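Asker: Have a look at this one before I ask anything.
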Amino acid sequence: MNAWLITLIYLINLLIFPLFLVGIIRKVKALMQNRKGAPVLQPFYDLSKLLRKTETISGSASWVFVWSPRVGLAVALITAVLVPWAGTLLTPNWVPATNFLLVIYLLALGKFLTMLAAIDTGSAFGGLGASREATISMLVEPTLVIGIAALALGAGSTNLLTIYAAPMSPLVAILVGSALVVAALAELSRMPVDDPTTHLELTMVHEAMILEYSGRGLAMIEYAVALRTCIFLGLAAQTLLHAWPAYTALPVTFRYGISILSLIALGKAVAVAEGIFVKLKWRSVPNFLAFAAVMSLLAALIAAAQI
Amino acid sequence: MSVSEFMGGSGIWCGAAVLLWLAVAVAGLLKRKYSGSALSVLTIIGCAFLLLAAIFGRNCSLAFPLPWYLGDSRFSFVIDPLSRWFLAIIGVVGIPVALFSPGYLRHMRQRISLGFVWAALALLLATMVGVILAANAIVFLVAWEVMAASSFALVIADHEQRDIRRAAFIYLGATRTGSAFLMAGFLWAHQLTGSWSFSEWSLSGVSALGPALLIFVGLATKAGSWPFHLWLPIAHPAAPAPVSAIMSGVMIKTAIYAMARFFVVGGSFSVPAIGPIILILGAISAFWGVIFALLQHDLKRLLAYHSVENIGIIMMGLGISLLGKRYHVPLLAQLGLAAALFHTLNHAIFKSLLFLGAGAVDTRTHLRNVEKLGGLIHRMPWTAGAFVVGSAAICALPPLNGFASEWMLYQGFFAFAQHGHSVGTRMGALLLMGWLALIGALAIACFVKAVGVVFLGNPRSQQAEHATEAGRGMVIAQMLLAFMCIGLGLAAPLILSPLGKIAAQMGSPSLLRRTWTIPIGLLALLLIVTVGVLAIWMRQLSRSLPVRRFITWECGFGDLGPRTQYTAASFAQPISRIFGAIYGYALEVTVKGRHRRHFPETVTAETMHEAHLETKIYVPILKSIHRMSGNFLMRLQAGSVHQYLIYMALVLALLLWIGVGR
């Protein structure tokens, strides 16, 4: 396919699809609750509205608060460029080699900035959210690293593009894919770890951190969250697709279609899960994330035995 | 090799640096009240000489001619890529520390004698150079001992405080114990080889295990590795901040240098058991350091625990390097060593930056308890900015230097997983990757806490409220280190060539160059451009809709006081609870008042933890030693001259008997 065309599709995908996915998740969630729900394009309307509103910043806030969303969004964009969340074949060849550890640490950089910004305003909610976010990422990051390392061991490379271009052992793919789904629920502040739509700040994690943001700052954060949603769900979807041995042999356009469809399906699954699960007690979160850790460890064991 | 050849190589610069520092030491001792701008400049020039030797110098060695003998070995020194690397570390940290010190020491001038601090500091720098250049065990030990003594003098500089005297005493005990192990190991190695020269030691097999273990314990004590780290979080916070920076940044690294020299690069000992031991102790240290750091409320103590963590990370690198040597996988051996050495440099830079930041806060607020600080980013903007960069670097966030070296360590683990001989080792290597990720995430939690509570939010005390920016020299020193954090992160591919030279000392040509696969410069550029575009766009938008400043949302209850902010203890609570079993974490909340539930009069919350290693193992051992000396040894030293004469006669008889028996 033409290199320019690929780049075009890639960039459109990058700029439009994340918000679309968030819209779909919200719509399905509304349907689950017997509501009609906002249109799927609502996140776009929200974003353009936020960009046109006055931004209010706390008097206690410093440059950390101001620059955190800018750098955070830039980091999320770069990470989204690097990660083959919609499959590897449509990745243009100007995208540099992507080490999975670089991706995990780039995501950590974004979280580090968000947590600092949360504390910056001197609000108790910010500190509470940051503290919980730090705890959750402490529980999730080892799982992510071990799980993807198990895939990397099978592919013989730490480059994400190489990992996802090669066939995988189906068992490892299923285990790591499921671990990534559970990890994604925690990292994206979704039910049952965190409730993104609650009205009580004390029960929130991510929303408590960004409580002080408004207008443009909030718009950038919302977009970064949408990108992160795509990155995590996309990685999980790609890994699960690799459990189907014929997947890597399919024609290019077909694979792209399946990737996008599976990403949407996974988003819908997350929405359904939000509809039927209750939020876990904060103290039970480690037990829930232990499932992901165990699946990752099993995958690592199988990968280590199969090499 | 002759003196002139040595001088032609890097030797002249090292020699000049050492002489300069000895002059500083003499000057400092002569002028006790001198605050030291001139001494600072001289120290910086010495560090610059050292950097010249490290970067442009050649490999050389030197043995002094006949009259210069120490016992039965010569004064001999050697400069090779490995020692040049560590000379660079001394120089790189020495310059900002010397820049920072005059401003910092000024606020302590009533309590301590400044000339004395400069003298001890210069002596410490000079003896560290001695340790790194030493080519035989005797020179090494002499330099090592003077290094320990001068650092002890620095720890106890502020000796009017009881805590500091206690800390210095514990430090002295730890260094004595470490040196005793080291000496025993050296003597044993001398016994086996008949030589004091490191280059002539090539011990392997079962007989080498004894001296290797003794030397390792001695070095691990100095490095502050678990379970010998006990002294580190006590002694480092007690010293003045620039000294903490030198101790944490450089001095404990001399032990890492010696480990690399004896076990990894030099091949003095090829003992298979040492590799797994270093790896496992490193893994435990890294975790142990960071979970205890989370609990600390004293900023410098928190940083000291992070030194335990980072020494652990460095040792993990050395450990897999040794395993690579053992299984004949050059890639693994080189990656492990390179990651360890690179992290040594990086840790030296960001840890000294953070200690200097803590020192700057200390001079302006006279507080080290983080729970009393807050909001300093508005009052000390430069210090805060540098501290944020240092924190991001120690958390291994890209594109800073900590990320580059930890990434190399991850690559090392991955190579270990690929080349492991059994399922167990491969699985173990993957687990180590997860372990490092866990440690990294905990470090992020800890530094979000440290930065958040100290610099962000609102001030929690009068002192923090009235703080002002530190002096110019102090700020420049911190900025210098912060730029180094960024620069080394971006220049990581260039660093691979000196690291490759060290790796080549292990015998096979360097494979490092092709292991670096991250286009870090491109990514940094991309990041800057994207942030720039976003910033310009946002500025464009804010033309029509300016930003409004308002209070932080207080739920409609009225003004938020500083006490409503999250504290360091509450920030760390969720993680501390998860790992609570390790240190007996407990949180006790008491609510008092008649209608306790809705209208409490007083609410107190108290957290407790206990370091089991200290209370269950070290304290009983120390107590029994104390008891023994009280009950038994005290009687031997009764102060009676007759008794002492009997001892002398007995010892003389014993020696005669041994001598005749031979």
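The values are calculated or read from the model by the stated rules, or taken from the named source; none is laboratory data. Computed from a prediction, not measured in an experiment: that's the story for all the values here. Cβ coordinates were reconstructed from backbone atoms using ideal geometry, including for glycine residues, and neighbour counts include every protein chain displayed. Quick note on the areas: whole protein, heavy atoms, side chains included, nothing else; ligands and nucleic acids left out. Shrake-Rupley method; radii C 1.70, N 1.55, O 1.52, S 1.80 Å.
Asker: If I ask for residues that are away from every other protein chain (no Cβ under 11 Å) and crowded, with 20+ Cβ neighbours inside 10 Å, which ones from segment A:290-307 would you list?
Answerer: Result: A:Ala292, A:Met295.
Asker: If you don't mind, another one. Being surrounded by 11 or more Cβ atoms within 10 Å (Cβ to Cβ), under 18 Å from A:Thr79 (Cα atoms) and without any contact (Cβ under 8 Å) to a residue 24 or more places away in the chain is the filter here, so list the residues in segment A:9-43 that pass it.
Answerer: Across segment A:9-43, the qualifying residues are A:Leu11, A:Leu15, A:Ile16.
Asker: Now for a different question. Of A:Thr56, A:Thr98, which residue is within 22 Å of the chain's Cα centre (by Cα), within 14 Å of chain B (Cβ to nearest Cβ) and farther than 15 Å from A:Ala224 by Cα?
Answerer: The match here is A:Thr98.
Asker: Kindly indicate whether A:Lys49 is part of a helix (DSSP H, G or I), within 14 Å of another protein chain (Cβ to nearest Cβ) and among the charged types (D, E, K, R).
Answerer: Judged against the criteria, A:Lys49 is a match.
Asker: Testing A:Leu218 on (1) open to solvent by 30 Å² or more (accessible area, probe 1.4 Å); (2) away from every other protein chain (no Cβ under 14 Å); (3) touching a Leu at 6+ places or on another chain (Cβ under 6 Å), one condition comes back false. Which one is that?
Answerer: It fails just one condition, (2).
Asker: Further, regarding this structure: Here are the criteria: (1) exposed (fewer than 12 other Cβ atoms within 10 Å of the Cβ); (2) within 14 Å of another protein chain (Cβ to nearest Cβ); (3) at pLDDT 85 or above. Tell me which single one B:Ile578 does not satisfy.
Answerer: In the conditions (1) exposed (fewer than 12 other Cβ atoms within 10 Å of the Cβ); (2) within 14 Å of another protein chain (Cβ to nearest Cβ); (3) at pLDDT 85 or above, B:Ile578 misses (1) alone.
Asker: Restricting attention to segment A:106-123, which residues are in contact with a helix residue (DSSP H, G or I) (Cβ under 6 Å, 6 or more places away or on another chain), closer than 20 Å to A:Ser214 by Cβ, within 7 Å of another protein chain (Cβ to nearest Cβ) and open to solvent by less than 10 Å² (accessible area, probe 1.4 Å)?
Answerer: Residues satisfying the conditions are A:Met115, A:Leu116, A:Asp120.
Asker: Would you be able to say whether some residue in segment B:587-604 is within 14 Å of chain A (Cβ to nearest Cβ), of a type outside the set (Ser, Thr, Tyr) and closer than 21 Å to A:Met115 by Cα?
Answerer: Taking every residue of segment B:587-604 in turn, none turns out to be within 14 Å of chain A (Cβ to nearest Cβ), of a type outside the set (Ser, Thr, Tyr) and closer than 21 Å to A:Met115 by Cα.
Asker: Which of the residues belonging to segment B:417-430 are out of contact with any Lys or Arg (no Cβ under 8 Å at 6 or more places or on another chain) and of a type outside the set (S, T, N, Q)?
Answerer: B:His419, B:His421, B:Val423, B:Gly424, B:Arg426, B:Met427, B:Gly428, B:Ala429, B:Leu430
Asker: Give segment B:491-532 a look and list any residue that's within 24 Å of B:Gly390 (Cα to Cα), open to solvent by 50 Å² or more (accessible area, probe 1.4 Å) and within 14 Å of chain A (Cβ to nearest Cβ), or say none.
Answerer: Within segment B:491-532, B:Leu522, B:Leu525, B:Leu526, B:Ile528, B:Val529 qualify.
Asker: Starting from segment B:556-583, keep only residues that are not assigned by TED's automatic domain parsing to the domain that holds B:Asn458, then list their pairs with residues that are in a loop (DSSP other than H, G, I, E, B) and acidic (Asp, Glu) whose Cβ atoms are within a distance under 7 Å, requiring at least 6 positions of separation or different chains.
Answerer: B:Leu560/B:Glu554; B:Tyr583/B:Glu610
Conditions (1) surrounded by fewer than 24 Cβ atoms within 10 Å (Cβ to Cβ); (2) over 13 Å from B:Lys351 (Cβ atoms), marked per residue:
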{"position": "B:Phe269", "(1), (2)": "yes, yes"}
{"position": "B:Ala273", "(1), (2)": "yes, yes"}
{"position": "B:Pro276", "(1), (2)": "yes, yes"}
{"position": "B:Gly282", "(1), (2)": "no, yes"}
{"position": "B:Tyr305", "(1), (2)": "no, no"}
{"position": "B:Ile313", "(1), (2)": "no, no"}
{"position": "B:Leu322", "(1), (2)": "no, yes"}
{"position": "B:His328", "(1), (2)": "yes, yes"}
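Asker: In segment B:155-172, what residues are assigned to a helix (DSSP H, G or I) and either polar (S, T, N, Q) or surrounded by 14 or more Cβ atoms within 10 Å (Cβ to Cβ) (or both)?
Answerer: Result: B:Val155, B:Ile156, B:Ala157, B:Asp158, B:Ile164, B:Arg165, B:Ala167, B:Ala168, B:Phe169, B:Ile170, B:Tyr171, B:Leu172.
Asker: Hand me the list of helices (runs of 4 or more DSSP H) wholly inside segment B:393-480 holding 2 or more residues that are within 11 Å of chain A (Cβ to nearest Cβ), in contact with a helix residue (DSSP H, G or I) (Cβ under 7 Å, 6 or more places away or on another chain) and in contact (Cβ under 8 Å) with a residue 60 or more places away in the chain.
Answerer: In segment B:393-480, the matching helices (runs of 4 or more DSSP H) lie at B:401-419, B:423-455.
Asker: Going by what's in this entry, would B:Gly249 be described as modelled with pLDDT under 90 and not aliphatic (A, V, I, L, M)?
Answerer: No: the conditions fail for B:Gly249.
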